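Each reported figure results from applying straightforward, stated rules to the coordinates on display, with no laboratory input. These numbers come from a predicted model, not from an experiment. Cβ: placed from backbone, ideal geometry, glycine included. Neighbour counts: every protein chain shown.
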Amino acid sequence: MKKLKFAIFALVAVLTLMACSNDKAAGTVTDTGNTVAEADYQVAGVVLRVDGTPASEAVVRMARMAVIDSVLHVPEQIEVVTDTDGVYAFDSAIADTFQLAVIDTSAVEVFFLPRTTLKAKAFDSIQLEKAAVVSSVLYFDEVEDSSISVGGHFVTCLSGTPFCNDVFAADSFYMLVPAGNWDLEIFPGDSLTVARMRSLGFADSLIYRSLSLNRMYEGDTVSPGPIVWSVTAKADTLIKESEKETKNVARISGTVLCKNGDPCANVEVMTIRDIYGFEFVEGDSLEFVAQTTTDSLGRWWLPVPDSLPGDSFRFEFRSLKDEKVAQVGISRYLTKKDIDGLKDTLDIGKTTLSKPSSLVSGVSLVVDREDTTQSNNCMVNSVVVGIKGTSHFVRDVTCYMLMLDGLPTGDQQVVLYSGDPKVMAKLRKSEVPTTFYVTFTAVSLPEGSVQQQQWMTYTPPSQNIFK
């Protein structure tokens, strides 16, 4: 009996020792009951930039190997983001053999491992290289009588790789890609739309449009297009269509830098066509209307204004944080001469943002220009006050204090004129110089602070000016 107890005790001890000493036995039980060691299937490493510093907030994508005979060479993929030390980690591998891509938009650097395995461990330490850049604009030629509505969301991919971007029709886009020869594929971003198009008999070559890119080297930028995607055009006419469109496309572009001097992404951009805000008198407010946003390199593109109330125009920028205006900026002025006959992209250079300013002021009524005595009858006249060349205008009656906020800093011009739409319409149609009915006041707006401006005076236009 003692021998039996000793034998049982020994067997339990041996089993316990084996369970504790064999790390490979610990793992996750799958649906089939097999035990898989997670450590063996983890893909992790560190990403370093060209200068040797850790690549923080870089996107790391793991993808299955593309099927060569597939019409669409876009593999299934997953992604993670590196931490401040450049470290990344996938909990498990997407397949035994896979490809790995790294995209660091801040440094404009990339890495591509077209084929590797878990055993190879080629992903432990990744050294980035300078990227090539694909920059273009995608247009969607929608057909009214088409049997399906594709929408405006598309995807661009380097064929067979994890280098893919979401693109919206009529928007400019860019992609960081490794050096080499590539095919760029463009297709609808909604997988259900793609499936529906196939069921309706659309040819795959029409759904998945492809462009052959020229040989690209590190640091190169290629700008094919503009690209025209259509549900009717043949696949081999894509480049021809883009070349045709290029002859008639005029755009204005620029780069926005944050206050710290780095490229500023997701900055809203608005074309200020009406630099005096004359159109404002038709309503009670003039809102900032974003027409596009900057990409991760701070770049933006907008079409040339189709009409201008005056001779000049410029662009206003604002960056939001928690739905509040955090940084603002304004471009230099451009004139009609700058865009007359323009058939290419006009780069207006860089604009650095700053913290917004505010202006507090008031308008006093002076009935006679020769007599500066102020009138106490304030409710008779309304005025418009704004910052020239911006979206910031307010309308109020004279003798009241008013405030403008979210303003670009530095030297600006305050404009003041009548708030009566009918009066302004008649004045603008007349040959009377603008300086007669628009008052200009120079002001220097402090960054991130409020400028307390002295009271301004306003004299209503006399009917005699029309004689």
Taking N as the number of residues in region 68-198, what value does Rg over Cα atoms divided by 2.2 N^0.38 Å take?
-> 1.20
For Tyr139, the residues 5 or more places away or on another chain with a placed amide H closer than 5 Å to its own amide H are Ala170, Ile227, Val228, Trp229
Too long at a 26 Å Cα-Cα cut-off: which of Lys259/Lys343; Lys337/Lys388; Lys337/Lys422; Lys130/Lys324; Lys259/Lys336?
-> Lys259/Lys343; Lys337/Lys422; Lys130/Lys324; Lys259/Lys336
Full-extension gain in nm, Thr435 to Asp124, via 0.36 nm per residue minus C-alpha separation = 105.1 nm
Under the Karplus relation 6.51 cos²θ - 1.76 cosθ + 1.60, θ = phi - 60°, what is the ordered set of whole-Hz ³J(HN,Hα) values for region 339-353, x standing for Gly and Pro?
-> 10, 5, x, 5, 10, 9, 8, 9, 8, 9, x, 9, 10, 9, 7
Compute the distance in nm between two label points, each set 7 Å from the Cα along the Cα-to-Cβ direction, one at Asp190 and one at Val450.
-> 4.8 nm
